[in-house]
Amino acid sequence: MKTQFLSKTNLMIISLLVFLLSGVFSTEEIKAQTRNRVDLIGAGASFPAPLVTAMADEYRDLTNRRVTINYQSIGSGGGIRQFGEQTIMFGMTEAFLSDEIMADVESKTGGRAFNMPITLADVVATYNVPGIDKGMVLSGDVLVDIYMGRITRWNDRRIVNLNPSLNIPAIPITVVHRSDGSGSTNLWTSYFSRISNEWKSNIGFGTSVSWPTGVGANGNEGVAGIVMNTPGAIGYNSLAYALINDISYASIINSSGNAITPSFEATTAAANIDLPEDTRILFTNTPNPQGYPIAGFAWMLVNENLDKNNAITNRTQAIELVEFIIWSITDGQKLSEMLGYAQLPKAAIEKNMNMIKQLKWNGEPIGKEILNKRQ
């Protein structure tokens, strides 16, 4: 009986608290909180998805859950397409917009499409060779011939010569590539095109190519899944995905003849170059002796005239998008290395700031105004 009495007493206390608190948080105040909430919608490259998701989570907490960022990992090709269709507020890609797409965006919006680097992208050769978890070294010409279908077994003489200390088994190679439009594919095939005239002439580079051999998979996730579950497989993934999923990846011999193990430092070294104002540049096959050769930027796509993007329906959304971009290229960068990404170099941040200053809403330079308030 005593326990039953206490339960009823507790229930009365809880009911009283609910009644009292209902006076503190009125219906109108709850509605106001809901009205003040801002949802930002983006989509694109799967490579930076873990970083963008982590940034979204932290930024949501920083704004007391007032601003949420919904990012869909659909591949660079999908991000570019949806950005052009104006169904998202920002896109993400490892392949900067072509002159043709830039001109199309300008004709529709009366302003430029800005390609803003958000992080550095590195694409690594992931593999599943039984008994060899680490230490594999590959060269660009060997990778090209594997993806051409010429090297078909792991104990091929050219692979063995690069790895004299490894006991490489005589198993077939299963080549895995992306089946969707992909910025990782753009970097991977850009590298191949710079080291092989045959690849450049017959296959070329881009977010999607006609592969000579291999099986396709959707997204970094799909390629990683096949490689992890297929003995003898080789694929390409971002360093972040390889680290997160504990997949083996190879060192690559760069243009200086050095075997470079993928790392934050090696990717940053590759990006130590002069950047054009619009940052649209590929730096695969870097001449830097310490640079990793299959690296580039991951860009956020943003309209200069934010009011001309049909996905952005009001000035508040535009302001919050600009605020998030600024945070992501400054304070948000501290999340990078924890998740397997290299932080942006100072030069890239400066170029981004110049582009942010030109963001407008109905002709009003809101990007510049927001930056001025922060000083």
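The values are calculated or read from the model by the stated rules, or taken from the named source; none is laboratory data. Keep in mind that what you see is a predicted model, and the values were worked out from it rather than measured. So basically every Cβ, Gly included, is an ideal-geometry build from the backbone, and we count neighbours across all protein chains shown.
Under the condition of being without any contact (Cβ under 8 Å) to a residue 60 or more places away in the chain and in contact with a helix residue (DSSP H, G or I) (Cβ under 7 Å, 6 or more places away or on another chain), the residues counted in segment 216-232 number 1.
Just so you know, in segment 247-257 the residues that are at negative phi and out of contact with any strand residue (DSSP E or B) (no Cβ under 9 Å at 6 or more places or on another chain) include one that is surrounded by the fewest Cβ atoms within 10 Å (Cβ to Cβ), and it is Ser256.
Can you say whether Leu306 is out of contact with any Lys or Arg (no Cβ under 9 Å at 6 or more places or on another chain) and in contact (Cβ under 8 Å) with a residue 60 or more places away in the chain, as far as the supplied structure shows? Criteria not met by Leu306. Residues in segment 305-351 that are over 22 Å from the mean Cα position of the chain (by Cα), closer than 17 Å to Arg60 by Cβ and surrounded by 15 or more Cβ atoms within 10 Å (Cβ to Cβ): Gln317, Ile319. Applying a threshold of 9 Å to beta carbon distances and a minimum spacing of six or more residues, or different chains, the list of pairs starting in segment 312-325 at a residue that is not assigned by TED's automatic domain parsing to the domain that holds Leu62 and ending at one that is among the β-branched types (Val, Ile, Thr) and at pLDDT 95 or above is empty.
Would you check which residues across segment 298-356 are in a helix (DSSP H, G or I), over 21 Å from Ile281 (Cα atoms) and hydrophobic (A, V, I, L, M, F, W, C) and list them? Passing the criteria: Leu306, Ala318, Ile319, Leu321, Val322, Phe324, Ile326, Trp327, Leu335, Met338, Leu339. For segment 81-119, give me each residue that is over 24 Å from Ala347 (Cβ atoms), hydrophobic (A, V, I, L, M, F, W, C) and either modelled with pLDDT under 95 or part of a loop (DSSP other than H, G, I, E, B) (or both). Passing the criteria: Ile88, Met89. If you check Ala269 against the conditions, is it under 16 Å from Leu120 (Cβ atoms), free of Cβ contacts under 8 Å to residues at least 60 places away in the same chain and not in a loop (DSSP other than H, G, I, E, B)? It is true that Ala269 is under 16 Å from Leu120 (Cβ atoms), free of Cβ contacts under 8 Å to residues at least 60 places away in the same chain and not in a loop (DSSP other than H, G, I, E, B). Any residue at all in segment 128-144 that's farther than 19 Å from Ser251 by Cα, at pLDDT 95 or above and surrounded by fewer than 18 Cβ atoms within 10 Å (Cβ to Cβ)? So far as segment 128-144 goes, no, none of its residues is farther than 19 Å from Ser251 by Cα, at pLDDT 95 or above and surrounded by fewer than 18 Cβ atoms within 10 Å (Cβ to Cβ). Only residues that are of a type in the set (Phe, Trp, Tyr) and assigned to a helix (DSSP H, G or I) were counted across segment 222-258, and they come to 1.
Taking residues in segment 164-177 that are part of a loop (DSSP other than H, G, I, E, B), and partners anywhere that are surrounded by 10 or more Cβ atoms within 10 Å (Cβ to Cβ) and modelled with pLDDT under 95, not one pair has Cβ atoms closer than 7 Å while being at least 6 places apart or on different chains.
What are the residues in segment 129-163 that are part of a helix (DSSP H, G or I) and of a type in the set (Lys, Arg), if any? Explain how you work it out, then say what you get.
Restricting attention to segment 129-163, the residues satisfying the condition of being part of a helix (DSSP H, G or I) are 140-148, 157-162.
Across segment 129-163, the qualifying residues are Arg157, Arg158.
The set of residues from segment 234-262 being under 13 Å from Asn288 (Cβ atoms) and among the hydroxyl-bearing types (Ser, Thr, Tyr) comprises Ser255, Ser256. Cβ separations smaller than 7 Å between residues 6+ apart or across chains give no pair from segment 357-375 residues that are farther than 9 Å from Asn305 by Cα to residues that are surrounded by fewer than 11 Cβ atoms within 10 Å (Cβ to Cβ) and modelled with pLDDT of 95 or more.
The residues of segment 201-215 that are in contact (Cβ under 8 Å) with a residue 24 or more places away in the chain and assigned to a loop (DSSP other than H, G, I, E, B), listed by number, are Gly206, Thr207, Ser208, Val209, Trp211, Pro212, Thr213, Gly214.
The combined condition, being surrounded by 21 or more Cβ atoms within 10 Å (Cβ to Cβ), part of a loop (DSSP other than H, G, I, E, B) and either among the small types (Gly, Ala, Ser) or within 22 Å of the chain's Cα centre (by Cα) (or both), is fulfilled by Thr284. Could you run through segment 233-254 and say how many residues are under 22 Å from Ile195 (Cα atoms) and in contact (Cβ under 8 Å) with a residue 60 or more places away in the chain? Looking only at that region, the number is 11.
For Ser184, the criteria (1) on the phi > 0 side of the Ramachandran plot; (2) modelled with pLDDT under 95 hold in every case but one, which is (1). For Tyr71, the conditions (1) surrounded by fewer than 24 Cβ atoms within 10 Å (Cβ to Cβ); (2) in a helix (DSSP H, G or I); (3) under 14 Å from the mean Cα position of the chain (by Cα) all hold with the exception of (2).
Hey, does segment 204-214 have a residue that's of a type in the set (Phe, Trp, Tyr) and more than 28 Å from Ala54 (Cα to Cα)? Yes: segment 204-214 contains one or more residues that are of a type in the set (Phe, Trp, Tyr) and more than 28 Å from Ala54 (Cα to Cα).
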